[in-house]
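Q: Here it is: the structure, laid out below.
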Amino acid sequence: MASILGALPAPDRPKPDAGPTAEDFARPAFLEPRPATAEPAPAPAETGELQDAPTPPPQPLEVAALQVPAPSPSPSPSPSPSPSPAPLPPQRPSAAPDARTARILFDVTMRSGPRRGASAIGQIDRNSRVTLIGCKSWCEVISAGKRGFVYRRAVDQNS
């Protein structure tokens, strides 16, 4: 038995491989095969490993052409003079069925969306009449043919 200060002699163990060398790090392992060594690898039967059956080479794939029937020619109608439709008048925003009239309490900017940063699409003067579509914190209104949003405090819904 060795003393606490003395070292025990190391048992005889096989030394592990030295590990990777600078040469191993110099070449990308995924691009180049490892150079052949002088020692052949042991056969699977010697190591006790199971051996897979050899893999047959891949067979070339055959691609079938897609057969699409050609469109049959349809008899084209003889051109007849048809009256061209009259151009439609520009659409005005329609009021919702439950829309009602409201009054604007002070000059206000009508916006494209219910938020302060939305683009301005018009100005509505104080005491103007608008068609009220709905209100939450912003009211959706129609004024002078434009549909947009104004802040709720600017709208008197009771008139």
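Q: Hey, rough spin-label estimate for residue 152 and residue 106, points 7 angstrom out along Cα→Cβ, what's it come to in nanometres?
A: 1.7 nm
Q: Still on this model: Can you tell me the length gained on complete extension of the stretch residue 120 to residue 136, counting 0.36 nm per residue apart and subtracting the Cα distance?
A: Length gained, residue 120 through residue 136: 3.9 nm.
Q: Averaged over every viewing direction, what's the projected area of the C-alpha convex hull for region 100-156? Give it in nm², one decimal, please.
A: Value for region 100-156: 3.1 nm².
No value in this document is a laboratory result; all are computed from the given coordinates. Fair warning: this is a prediction, and the values are worked out from it, not measured in the lab. So basically every Cβ, Gly included, is an ideal-geometry build from the backbone, and we count neighbours across all protein chains shown.
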